[in-house]
Amino acid sequence: MIRQARGYSYMDLLDLCPEKVENYEQKLKNFYTEHIHADEEIRYCLEGSGYFDVRDKADRWIRILIKAGDLIVLPAGIYHRFTLDTSNYIKLMRLFVGEPVWTPFNRPQEDHPARKEYIKSVIEKGGLPVKAH
Ligand SMILES: CSCCC(=O)C(=O)O
């Protein structure tokens, strides 16, 4: 399984509804503020739906719809944000390599080691035509 193959030792479930999440409104606000993490972000959708937004090479948003059965893996250092859609509910499995760290670093973050590493890997894979920040 992908958990063994990629070493995703940690797992929990995030039921994103006001009754189950402390500081629900603030959390949603933080999720929708453009940020990076120092580690991979791995989410498997069990119920509901929502959007992960990432940037294209020209720094425009790409909106990714996530629904039950979808897995998304965001590399460390990629700018992203998350929002619910009109269903207003999502249940996600969160996977992590080792002890989880969810700290967001809001944009701009060009000097963050994870950001530098991400930019390097993108360039190696075929380049960024425009300035990456
Ligand atoms: C609802 S999980 C995705 C939100 C996010 O970007 C984060 O975990 O920081």
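Using a simple spin-label model with points 7 Å from Cα along the Cα→Cβ vector, what separation in nm is obtained for C17 and V54?
Using points 7 Å along Cα→Cβ, the separation is 3.0 nm.
Can you give me the long-range amide H partners of I78? Hydrogens built in the peptide plane at 1.01 Å from N, cutoff under 5 Å, separation of 5 or more residues or another chain.
H37
Accessible area of the chain with a 1.4 Å probe: how many percent of it is carbon plus sulfur?
55
Of all alpha-carbon pairs in the chain, indicate the percentage at a distance above 21 angstrom.
43
If you keep only loop residues by DSSP, which GluC sites (Glu not before Pro) in the range 1-49 have at most 10 other Cβ atoms within 10 Å of their Cβ? Kindly include the intermediate steps, with their values, before the conclusion.
Details: sites: E19, E22, E25, E34, E40, E41, E47; in loops: E19, E22, E34, E40.
In loop regions of the range 1-49 (DSSP not H, G, I, E or B), the sparsely surrounded GluC sites (Glu not before Pro) are E19, E22.
For the range 76-93 and the range 34-74, what is the separation of their Cα centres, given in Å?
6
Using only DSSP helix segments of four residues or longer, with each worth -39500 (n - 2.57), what per-residue ellipticity at 222 nm results for the chain after dividing by its residue count and rounding to 500?
-5000 deg cm²/dmol
Return the long-range amide H neighbours of Y32 (sequence gap of 5 or more, or a different chain), with a cut-off of under 5 Å between placed amide H atoms.
Distant-sequence amide H within range of Y32: F82.
Keeping all protein chains in place, calculate the accessible area per residue for the range 2-124 (probe 1.4 angstrom), answer in Å².
On the way: 7010 Å² over 123 residues.
Accessible area per residue: 57 Å².
At a probe size of 1.4 Å, how large is the accessible area of L65, to the nearest 10 Å²?
90
The values are calculated or read from the model by the stated rules, or taken from the named source; none is laboratory data. In this text the structure is predicted, and so the values were computed from the model without any measurement. In this analysis, Cβ positions are derived from the backbone assuming ideal geometry, glycine residues included, and neighbour counts consider all displayed protein chains. Ligands, DNA and RNA are excluded from the accessible area calculation, which covers all protein heavy atoms including side chains. Shrake-Rupley method; radii C 1.70, N 1.55, O 1.52, S 1.80 Å.
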